[in-house]
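A short worksheet on the structure shown next.
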Amino acid sequence: MRQLLAGQLVDVAAAAKGPPMSAIAPTAPPPRGPLDRFLRIFTDVHDGEGGQVLLLAFNIFLILTAYYVMKPVREALILAQPGGAEIKSYSTAAQAVLFAVVVPAYGALATRLPRRRLINIVTAFFIACLPLFYLAAEASLPVGIPFFLWIGAFSLMLIAQFWSYANDLYTPDAGKRLFALVAFGASSGAVFGAFISSHLINALGVNELLLIAAAILAASLMLFNFIDLRASAGAAVRAPASTKAAPGPPLGDGNAFALVLGSRYLLLVAALIFLLNWVAATGEYILSSIVSHAAQADVAAGRLAREHEGAFIGAFYASYFQVVNIAGMLLQLFVVSRVVKYLGVRVAVCIVPVVAFSSYAVAALIPSLAIVRWVKTAENSVDYSLQNTVAQMLYLPTTREEKYKAKQVTDTFVVRAGDVLSSVTVLVGTSLLALSVKQFAMVNVVLVTLWFAVALLLGREFQWRTTAKPGGAA
């Protein structure tokens, strides 16, 4: 009895004293390093996040640099063929058909392979094709159409795959904070790739750019493996022993298209991307028409020599793209993360349709090159920065299977379907209905109104998914 009372007294004393300090005191966060402090200028970076964000940004920088290094080769190979411009237009439509076959094949591969092996195999396949295209081009074989189809698949599938991986790494809250900075890598890679390609052509030649692109992609693949090993090691350290598992297990066996068709949320994402690309491609036709008419008017008025008409159009687009790229990069770096932080994705997804509506309303009322140039600059710079980033955030509250499979549907097949329908719109509008530039602008006003309605519904659905479901799971 005495021993029992003594034991109870010891237990009471221990309970009063409480558990050891190490059991109740949370581990103090590491002090914010200089990298994290610097990146907070641009977005809300938490302790220890800066390194991974910069690595991801550099990874997509390399992918976009490789793509823009290859773009001049694409144009050279397909336009050098008889009727190259027409073949290029038809090949864009053929890409939509190609994706209807390739995307399910990608989904089947994703079902069988863990995340790292999937990305390694797909990227290695694209890299291995480049030396083969180089040898075929050097042998003067007719590879213009195959390469055009290949680079179309590369430019959409590999970038979609990267963002699937980024969505897989981050929670919805973290993705909304950090994706703006990751996407800056894509913006700067596009600008850098376009810049160096012109210099490399002069130094090495056109076909040699394919080998340069292969080397850049190989570097991006090595960087991805480093990022994934680093992320996996960090996850293993943080996870309890009872919950540790190999990162990135194989996905479910659902069909990629069926995943989209079976989800109201993913159908809204697909509708948004479809309308966006339909509007954007038609908008490029509107701008091209206005530029062409302005050049012809200057020739007719004697202000421009006819032989300088091409130089006038080229100079306009060189200046226009430069301003759009610079404005887009500045918005990406300083504005996008703050829009998402203070207004939320629900509002951010509606901003570009509003800007586009203003752009095409102005084009319909005042189809002047001086006016349309600047409203289109505003539209495209916001599209390339805010819209591109928000579009990637839309997959944060989805399942892993939807991230890897459904995203390939919306970011490849749906994108090209929008482009194809725009081509049909222009063909019917010019050949059958004889629409003017003003009337094409009004068509886009109607489409943008539909786009805005879809954005409202999608924003509300995104908000519900990220607040009603812990961790943003679908």
Looking at this structure, is Pro353 surrounded by 14 or more Cβ atoms within 10 Å (Cβ to Cβ) and at pLDDT below 85? no
Read through the list (1) within 11 Å of the chain's Cα centre (by Cα); (2) open to solvent by less than 10 Å² (accessible area, probe 1.4 Å), then give the number of the only condition that Asp411 fails. (2)
Restricting to the range 451-474, give me the number of residues that are surrounded by 18 or more Cβ atoms within 10 Å (Cβ to Cβ) and either farther than 30 Å from Pro172 by Cβ or at pLDDT below 90 (or both). 1
Hey, can you tell me all the residues within the range 369-406 that are aliphatic (A, V, I, L, M) and either farther than 30 Å from Ser263 by Cα or touching a Leu at 6+ places or on another chain (Cβ under 6 Å) (or both)? Leu369, Ala370, Ile371, Val372, Val375, Ala378, Ala406
Residue under question is Ile60, and the condition is that it be more than 23 Å from Val191 (Cβ to Cβ) and surrounded by 23 or more Cβ atoms within 10 Å (Cβ to Cβ); does it hold? no
Are any of the residues in the range 336-348 of a type in the set (A, V, I, L, M, F, W, C), open to solvent by 40 Å² or more (accessible area, probe 1.4 Å) and either assigned to a helix (DSSP H, G or I) or in contact with a Cys (Cβ under 7 Å, 6 or more places away or on another chain) (or both)? yes
The condition of being in a helix (DSSP H, G or I), at negative phi, more than 22 Å from the chain's Cα centre (by Cα) and not acidic (Asp, Glu) holds, among Ala441, Ala455, Ala406, only for Ala441
Checking the condition in contact (Cβ under 8 Å) with a residue 60 or more places away in the chain, under 18 Å from Gly205 (Cβ atoms) and open to solvent by 20 Å² or more (accessible area, probe 1.4 Å), which residue from Pro104, Pro131, Pro114, Pro142 passes? Pro131
Could you grab me the full set of residues in the range 117-152 that are in contact with a helix residue (DSSP H, G or I) (Cβ under 7 Å, 6 or more places away or on another chain) and part of a loop (DSSP other than H, G, I, E, B)? Val143
Does Phe179 satisfy being farther than 26 Å from Phe148 by Cβ, surrounded by fewer than 14 Cβ atoms within 10 Å (Cβ to Cβ), modelled with pLDDT of 95 or more and out of contact with any strand residue (DSSP E or B) (no Cβ under 7 Å at 6 or more places or on another chain)? no
Kindly indicate the residue of the range 356-365 that is open to solvent by less than 20 Å² (accessible area, probe 1.4 Å) and among the hydroxyl-bearing types (Ser, Thr, Tyr) and also nearest to Asn388 (Cα to Cα) among those meeting that condition. Ser359
Test: residue in the range 236-249 that is surrounded by 15 or more Cβ atoms within 10 Å (Cβ to Cβ) and at pLDDT below 90: yes
Only one of Val448, Val420 is within 22 Å of Ile286 (Cβ to Cβ), open to solvent by 10 Å² or more (accessible area, probe 1.4 Å) and part of a helix (DSSP H, G or I); which? Val420
Residue in the range 385-402 that is surrounded by the fewest Cβ atoms within 10 Å (Cβ to Cβ), counting only those that are over 16 Å from the mean Cα position of the chain (by Cα) and outside any helix (DSSP H, G or I): Thr399
Answer yes or no as to whether Ala166 is within 16 Å of the chain's Cα centre (by Cα) and open to solvent by less than 30 Å² (accessible area, probe 1.4 Å). yes
Those residues of the range 44-57 which are surrounded by fewer than 19 Cβ atoms within 10 Å (Cβ to Cβ) and outside any helix (DSSP H, G or I), in sequence order: Asp44, His46, Asp47, Gly48
Considering the range 63-86, residues that are among the hydrophobic types (A, V, I, L, M, F, W, C) and surrounded by fewer than 17 Cβ atoms within 10 Å (Cβ to Cβ), and then whichever is modelled with the lowest pLDDT, we arrive at Ala85
Filter the range 254-298 down to residues that are under 15 Å from Gln408 (Cα atoms) and open to solvent by 50 Å² or more (accessible area, probe 1.4 Å) and give me whichever is modelled with the lowest pLDDT. Asn255
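Residue by residue, here is whether (1) surrounded by 17 or more Cβ atoms within 10 Å (Cβ to Cβ); (2) farther than 26 Å from Leu77 by Cα; (3) touching a helix residue (DSSP H, G or I) at 6+ places or on another chain (Cβ under 7 Å) holds:
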| position | (1), (2), (3) |
| --- | --- |
| Ser198 | no, no, no |
| Leu204 | no, no, no |
| Met222 | no, yes, no |
| Ala231 | yes, yes, yes |
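The values are calculated or read from the model by the stated rules, or taken from the named source; none is laboratory data. Keep in mind that this is a model prediction, so the values were computed, not measured. Heads up, the Cβs are rebuilt from the backbone with ideal geometry, glycines too, and the neighbour counts pull from every protein chain shown. Note: areas computed on protein heavy atoms with side chains; ligands, DNA, RNA excluded. Shrake-Rupley method; radii C 1.70, N 1.55, O 1.52, S 1.80 Å.
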